[in-house]
Amino acid sequence: MLTISKPIIGEEEKEAVARVLDSGSLAQGAEVERFESAWAAYTGTAFAVAANSGTAGLHMALAALGVQAGDRVITTTFSFVATASAILMQGAVPVFCDIDPVTYNIDPLQVEAAAAAGARAVMVVHLYGQTCDMDPILDIARRHNLAVIEDACQAHGAAYHGRPAGSLGHAGVFSFYPTKNMTTGEGGIMTTSDPDVAARARVFRNHGQAVRYHHGSLGYNYRMTDMAAAIGLVQLKRLPDFNGRRAANAAYFQQNLTDRAVKPFVMDGASHVFHQYTIRVRDRERFTGYLGEKGIGYGVHYPVPLHRQPLLAAYNGLRLPVAEQAAQEVVSIPVHPSLSAEDLAYIAGAVNSYEGW
């Protein structure tokens, strides 16, 4: 079976973890600080604050930017549930917008309408490895005094007109779950160039203490382990190669897949890192059954928009037709760096031979 994702963990990662274990310093120590500095440099930001998951990073960013209970936070409906659950965890109110039909990212026109009705922040999601169209969103945020949070959990190394994901808003958040473009096993990180936001995030992730055993505010145990950071430092060195191979694999599909499959659209000025290579088909159940018969793994990202989730029952009557249609048709096929030339040719040949278009 050709899997939809495959983490690449080598001897250098294993040796890095062993060094940490031998040191006896295992949680939020010097290794975490090194990883934070390296990630800030990579994203072109002044600060990075590590956490134990991308979800924790999103919660941390909301809190550090002053989002409070009852505040409205504009976001996309077409994302993993963590986008919405982090907003709920802070006691805030999600305001769901529909998506652009070709990028699947949040529609700036809908952000404008939602902002006009009043909001505290906007959380954009750089889905599948491509940034949102940020210039109009940033303009809307300036005019309506919105904090901008980038959910960049699928966009490690992506850029918008030369500007790295994670540096475009007031804060950005990345995930290092095993399926991501690089991994720490589990983990996340928040980026910002605002020293006050970084300081508040560091307190929030550590039980609300700026001084040991003095707890001035409500905080959480969102600390990253040094083992995770050690893996992250090695993976970060390998990330340009990982992303380059993903881009090359995606380029092969762009050139060799049939046009009967609706292939990914890449915006002008965007550097897409293809966390997923997602196509659209009319009869997804039939198509995915066919892929299974051919031994090709797949993913559906995502089959249920957030406004239709049982968790968010109050929103279930909302109508966001572009996302609802995409949720019925999107299928991700393998694009990860471990695929061989033979694997790529096999996948493309199988997709092109499908008779159910």
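Summary of values
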quantity	calculated
Checklist (1) closer than 27 Å to residue 325 by Cβ; (2) in a helix (DSSP H, G or I); (3) open to solvent by less than 60 Å² (accessible area, probe 1.4 Å) applied to residue 278, failing item	(2)
Residue match in region 321-329 (condition: closer than 20 Å to residue 254 by Cα and open to solvent by 20 Å² or more (accessible area, probe 1.4 Å))	yes
Of the criteria (1) open to solvent by less than 10 Å² (accessible area, probe 1.4 Å); (2) under 20 Å from the mean Cα position of the chain (by Cα), which one residue 52 fails	(1)
Qualifying residue in region 10-31 (condition: within 22 Å of the chain's Cα centre (by Cα) and on the phi < 0 side of the Ramachandran plot)	no
Residue 229 within 21 Å of residue 18 (Cβ to Cβ) and either surrounded by fewer than 17 Cβ atoms within 10 Å (Cβ to Cβ) or within 19 Å of the chain's Cα centre (by Cα) (or both)	yes
Residue among 343, 283, 268 that alone is touching a strand residue (DSSP E or B) at 6+ places or on another chain (Cβ under 8 Å) and of a type outside the set (A, V, I, L, M)	343
Hey, residue 350 surrounded by 17 or more Cβ atoms within 10 Å (Cβ to Cβ) and under 24 Å from the mean Cα position of the chain (by Cα) or not	no
Which listed residue, of 341, 313, 345, 323, is more than 21 Å from residue 277 (Cβ to Cβ) and of a type in the set (Gly, Ala, Ser)	313
Strands (runs of 3 or more DSSP E) completely within region 95-206 that count 2 or more residues being charged (D, E, K, R) and either at pLDDT below 95 or at positive phi (or both)	none
Test result for residue 251, of a type in the set (A, V, I, L, M, F, W, C), in a helix (DSSP H, G or I) and out of contact with any helix residue (DSSP H, G or I) (no Cβ under 9 Å at 6 or more places or on another chain)	yes
When residues of region 1-25 are limited to those that are assigned to a helix (DSSP H, G or I) and among the basic types (Lys, Arg), the one nearest to residue 232 (Cα to Cα)	14
Set 118, 185, 157: member being crowded, with 24+ Cβ neighbours inside 10 Å and touching a residue at least 40 places away in the same chain (Cβ under 8 Å)	157
Identity of the residue in region 4-49, of a type in the set (S, T, N, Q) and under 25 Å from residue 152 (Cβ atoms), that ends up most open to solvent (accessible area, probe 1.4 Å)	37
Residue within region 340-347 that is under 30 Å from residue 161 (Cα atoms) and exposed (fewer than 13 other Cβ atoms within 10 Å of the Cβ) present	no
Residues of region 299-315 that turn out to be part of a loop (DSSP other than H, G, I, E, B) and open to solvent by 60 Å² or more (accessible area, probe 1.4 Å), as a count	1
Every pair of residues 6+ apart whose Cβ atoms lie under 7 Å, when the first sits in region 11-38 and is of a type outside the set (Asp, Glu) while the second is open to solvent by 30 Å² or more (accessible area, probe 1.4 Å) and in a loop (DSSP other than H, G, I, E, B)	20/26; 27/223; 28/223
Failed criterion for residue 268 (all others in (1) free of Cβ contacts under 8 Å to residues at least 12 places away in the same chain; (2) more than 30 Å from residue 15 (Cβ to Cβ); (3) open to solvent by less than 60 Å² (accessible area, probe 1.4 Å) hold)	(3)
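Okay, residues lined up against (1) of a type in the set (A, V, I, L, M, F, W, C); (2) open to solvent by 30 Å² or more (accessible area, probe 1.4 Å):
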position	(1), (2)
77	no, no
83	no, no
91	no, yes
96	yes, no
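The values are calculated or read from the model by the stated rules, or taken from the named source; none is laboratory data. None of the values given here were measured: they were computed from a predicted structure. Cβ sites come from the backbone with ideal geometry, for glycine too, and all protein chains shown count toward neighbours. Remember, those area values only see protein heavy atoms, side chains included, never the ligands or the DNA or RNA. Shrake-Rupley method; radii C 1.70, N 1.55, O 1.52, S 1.80 Å.
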